[in-house]
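Heads up, the thing below is written out as structure tokens.
The values are calculated or read from the model by the stated rules, or taken from the named source; none is laboratory data. What you are looking at is a predicted structure, and each value in this text was computed from that prediction instead of being measured. Here the Cβ positions follow ideal geometry from the backbone for every residue, glycine too, while neighbour counts run over all protein chains shown.
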Amino acid sequence: MARRLWVLSVLLVLLGLMGRSPAAQQFPAGYVDPRPVLEAARKAIGNDTLKCVTISGTAYNGAVGQARLSDKGVDWPRIDALANYTRTMNWDAKTMKEEFDRKPGLNPAMWKYGIGWIDGAPLQQNAHQTFMLNGNYGWYMDGPAGKPTPVPPEIAEIWPVELYLNPHGFLKAAQMPGANPKAIWRWELGEMGRDGPETVPEKMTVVSITVNGKYRVDATINKEHMLQRIHTWVPNPVLGDMNYEHEFTNASYVDAGGGVKFPTGWHSHEGWDDNFQSQAVSAGHNAFGGTMKDIKPNVCADPVTVPDAVRQATFPVRVETQKLADGVYLLGGASHNSVAVEFKDFVAVVEAPLNEQRSLAVIEEVVKLIPNKPIRFIVNTHQHFDHLGGLRTYMHIGATIITQWLNYTFYTHDVLNYAPRTLQPDMISLWPPTELAEGYQYETVRENYVLTDGTRNMNIHYVNPLQHADGMLMAYLPKEKLVIEADVVDTDRPLPATPTNDMTSFYKAAQMLKLDVSQIVPIHGKPIPWTDFLKAMGPAVKAH
């Protein structure tokens, strides 16, 4: 009897507990429940009814990492307008297709999220460009009938994140397994054009999710349940974890039909806003923007099928060596060259382009060619990202950086620093050397500098004025009559019919310095005789 009464009591207690409403989930101070915030946003913009979208309009892109001077200005230089811009995003299929027309002559990756140069890719030959994504496979086509060209994994893995850096994509990603949404609140200045000139504070909710198991993506949501800013970080060889974000104003949201609201105004930042140079020295952050005048909900276009050539592609790092003179080697096999010069007790390398992977391969080749001598110096021609992506690698193995003094502040503040690199760790971030704090790893050049062992000289000269970049150095080997330069005389493409202003400045510098040149050794392309350059200069030679 007693046992029956005990069992009955337990049942009554359980039934009583089941009848109670569950206690509200507790969040730490400053945090809020993300679920009602996300649900209200989904309803406000009709997220559940949108499976895919095609947007069209006019856009622009900036040359991320290609500022003329590293510590002046705010925006990245504008490359060109992107005419006939169209993007289709299909979240169910995890595919994206982007098409536009742009002036030829650029590297295909130059506009694409600012996340790296596609090494070895031929320069754009046609105006019409197509970029495709399916899962983790990315590729592009140059021209309407261009051959599908695969994109390296370190670049392609970032493209899927773009699927979720828009209001509908973010809200869909927030419902995926592993998203683990968290939310906080904060006061922000009001949106331009709605509450005045960004002066009226407004309480916002910021929801953070994890995308693809690696990327943390944040969305700022206002009181009307509109997503205003969607932000993440992407790996960059120069800046490390680089700020990347899209911004949308309330006024840009339009009713696209079927209860779907979608923003027509797109504005993207890559790198921090440097109006006051408080967070970074690197010039520029406005990288992409446009007005999407035509929004087509649930228009998915053709399926984006991965070509076999893309699925089976491999990306070996090739270093092809050409001996230019005794102890002088061109290290090519990619879109960018390096040049190794042997001295009595050390080696100097001119240029550390692209990234750590490329630099490590070049360093290994230098060790084979010139064993038992330290790479004591790395000569950096200028501060464009594709030309300094390996500086950290050379610094880590003990090389002193020779660069023009205008680049020093940017390099010490933004590039060679102790900032953790969580997305794509490199050697310095994993094994930080004390030299980063000591500051003795630089030799800055104002006008001229000489490396010598008493027998061989390398004369390093400042080239100015240039439209392409300020802070540009060239290296001259007087005994071998070789001049090593970057981005002024590029032989990976035909020399222009009319010499550029920069070619004229380069020629005038050589004349003023009385350089006796036999060959030009470019960072892009193969060496050419000086006489070929003079032919390209044409009448300009006589004029100077």
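For a quick check of your reading of the model, give me the residue pairs whose first member lies in segment 71-99 and is part of a strand (DSSP E or B), whose second is of a type in the set (Asp, Glu), with beta-carbon atoms closer than 6 Å and at least 6 apart or on different chains.
Ala83/Asp101; Asn84/Asp101; Thr86/Glu99; Arg87/Glu98
I need the full set of residues from segment 232-256 which are farther than 21 Å from Ala40 by Cβ and not in a loop (DSSP other than H, G, I, E, B), in order please.
Of everything in segment 232-256, those that are farther than 21 Å from Ala40 by Cβ and not in a loop (DSSP other than H, G, I, E, B) turn out to be Thr232, Trp233, Val234, Pro235, Asn236, Gly240, Asp241, Met242, Asn243, Tyr244, Glu245.
Conditions tested, residue by residue: (1) modelled with pLDDT of 95 or more; (2) within 34 Å of the chain's Cα centre (by Cα).
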{"site": "Tyr507", "(1), (2)": "yes, yes"}
{"site": "Met512", "(1), (2)": "yes, no"}
{"site": "Leu515", "(1), (2)": "yes, no"}
{"site": "Ile523", "(1), (2)": "yes, yes"}
{"site": "Ile528", "(1), (2)": "yes, yes"}
{"site": "Lys535", "(1), (2)": "yes, no"}
{"site": "Val541", "(1), (2)": "no, no"}
{"site": "His544", "(1), (2)": "no, no"}
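Out of Gly213, Gly284, Gly193, report the one residue that is in a loop (DSSP other than H, G, I, E, B), within 16 Å of the chain's Cα centre (by Cα) and either at positive phi or at pLDDT 95 or above (or both).
Going through Gly213, Gly284, Gly193 in turn, just one is in a loop (DSSP other than H, G, I, E, B), within 16 Å of the chain's Cα centre (by Cα) and either at positive phi or at pLDDT 95 or above (or both): Gly284.
Tell me yes or no: at least one residue of segment 1-12 is modelled with pLDDT of 75 or more, among the aromatic types (Phe, Trp, Tyr), outside any loop (DSSP other than H, G, I, E, B) and not assigned by TED's automatic domain parsing to the domain that holds Val415.
The answer is no; no qualifying residue exists.
Which ones in segment 129-160 are closer than 19 Å to Val211 by Cα and either of a type in the set (Asp, Glu) or in a loop (DSSP other than H, G, I, E, B) (or both)?
If we filter segment 129-160 for residues that are closer than 19 Å to Val211 by Cα, which is where we start, we get 133-138, 153-160.
Answer for segment 129-160, where residues must be closer than 19 Å to Val211 by Cα and either of a type in the set (Asp, Glu) or in a loop (DSSP other than H, G, I, E, B) (or both): Gly135, Asn136, Glu154, Glu157, Ile158.
I'm trying to understand the selection: among the residues of segment 138-190, which are closer than 18 Å to Gly120 by Cα and of a type in the set (Lys, Arg)?
Result: Lys147, single match.
Each row is one residue, and each column tells you yes or no for (1) in contact (Cβ under 8 Å) with a residue 60 or more places away in the chain; (2) of a type in the set (Val, Ile, Thr); (3) in the same structural domain as Leu534 (by TED's automatic domain parsing); (4) in contact with a Cys (Cβ under 6 Å, 6 or more places away or on another chain).
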position: Leu477; (1), (2), (3), (4): yes, no, yes, no
position: Thr491; (1), (2), (3), (4): no, yes, yes, no
position: Lys508; (1), (2), (3), (4): no, no, yes, no
position: Pro522; (1), (2), (3), (4): yes, no, yes, no
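For segment 36-77: of the residues being modelled with pLDDT under 95, of a type in the set (A, V, I, L, M, F, W, C) and touching a Leu at 6+ places or on another chain (Cβ under 9 Å), which is surrounded by the most Cβ atoms within 10 Å (Cβ to Cβ)?
Checked segment 36-77; the qualifying residue surrounded by the most Cβ atoms within 10 Å (Cβ to Cβ) is Ala59.
Test each condition in (1) in contact with a Pro (Cβ under 8 Å, 6 or more places away or on another chain); (2) under 26 Å from Pro316 (Cα atoms) for Ile378 and report the one that comes out false.
That leaves (1) as the condition not met.
Can you name the residue in segment 136-155 that is among the hydrophobic types (A, V, I, L, M, F, W, C) and surrounded by 22 or more Cβ atoms within 10 Å (Cβ to Cβ) and is also nearest to Val234 (Cα to Cα) among such residues? Before you say what the answer is, go through the steps one by one.
Filtering segment 136-155 for residues among the hydrophobic types (A, V, I, L, M, F, W, C) gives 139, 141, 145, 151, 155.
When the remaining residues are screened for being surrounded by 22 or more Cβ atoms within 10 Å (Cβ to Cβ), the result is 139, 151.
On the way: Trp139: 19, Val151: 16 Å.
Applying the filter and picking the extreme gives Val151.
For segment 232-245: of the residues being surrounded by fewer than 23 Cβ atoms within 10 Å (Cβ to Cβ) and touching a His at 6+ places or on another chain (Cβ under 8 Å), which is farthest from Arg87 (Cα to Cα)?
Asn243
Quick check: is even one residue across segment 106-128 of a type in the set (A, V, I, L, M, F, W, C) and either closer than 30 Å to Gly259 by Cα or at pLDDT 90 or above (or both)?
First pass over segment 106-128, keeping only residues of a type in the set (A, V, I, L, M, F, W, C): 106, 109-111, 115, 117-118, 121, 123, 127.
Filter again for either closer than 30 Å to Gly259 by Cα or at pLDDT 90 or above (or both), leaving 127.
Taking every residue of segment 106-128 in turn, at least one turns out to be of a type in the set (A, V, I, L, M, F, W, C) and either closer than 30 Å to Gly259 by Cα or at pLDDT 90 or above (or both).
Being assigned to a loop (DSSP other than H, G, I, E, B) and either touching a residue at least 60 places away in the same chain (Cβ under 8 Å) or farther than 22 Å from Phe315 by Cβ (or both) is the filter here, so list the residues in segment 351-375 that pass it. Can you show your working first?
Initially, segment 351-375 is screened for residues assigned to a loop (DSSP other than H, G, I, E, B), giving 351-355, 370-374.
Glu351, Pro353, Leu354, Asn355, Ile370, Pro371, Asn372, Lys373, Pro374, listed by residue number.
Let's see how each residue does on (1) free of Cβ contacts under 8 Å to residues at least 12 places away in the same chain; (2) outside the structural domain of Tyr253 (by TED's automatic domain parsing); (3) under 23 Å from Tyr244 (Cβ atoms):
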position	(1), (2), (3)
His285	no, no, yes
Ala301	no, no, no
Leu324	no, yes, no
Glu342	no, yes, no
Val349	no, yes, no
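Of everything in segment 39-66, what is of a type in the set (Gly, Ala, Ser) and over 26 Å from His269 (Cα atoms)? Give them in sequence order.
Scanning segment 39-66 gives Ala40, Gly46.
Is it the case, given these coordinates, that Thr264 is surrounded by fewer than 21 Cβ atoms within 10 Å (Cβ to Cβ), assigned by TED's automatic domain parsing to the domain that holds Leu189, under 17 Å from Thr291 (Cβ atoms) and touching a residue at least 60 places away in the same chain (Cβ under 8 Å)?
So Thr264 fits the description; yes.
Restricting attention to segment 481-501, report how many residues are at negative phi and buried (at least 19 other Cβ atoms within 10 Å of the Cβ). Walk me through how you get there before you give the answer.
From segment 481-501, those at negative phi are 482-486, 488-501; that's our starting set.
Applying the additional criterion that residues be buried (at least 19 other Cβ atoms within 10 Å of the Cβ) yields 482-486, 488-489, 499.
Matching residues across segment 481-501 total 8.
Taking the condition among the aliphatic types (A, V, I, L, M) and assigned by TED's automatic domain parsing to the domain that holds Tyr85, does Ile295 pass? Give the steps one after another, and end with the answer.
Numbers: among the aliphatic types (A, V, I, L, M): yes; assigned by TED's automatic domain parsing to the domain that holds Tyr85: yes.
Spelling it out, Ile295 is indeed among the aliphatic types (A, V, I, L, M) and assigned by TED's automatic domain parsing to the domain that holds Tyr85.
I'm checking my understanding of the structure. Among residues of segment 305-350 that are in a strand (DSSP E or B), surrounded by fewer than 20 Cβ atoms within 10 Å (Cβ to Cβ) and not charged (D, E, K, R), which one is farthest from the chain's Cα centre (by Cα)?
Of everything passing the filter in segment 305-350, Ala325 is farthest from the chain's Cα centre (by Cα).
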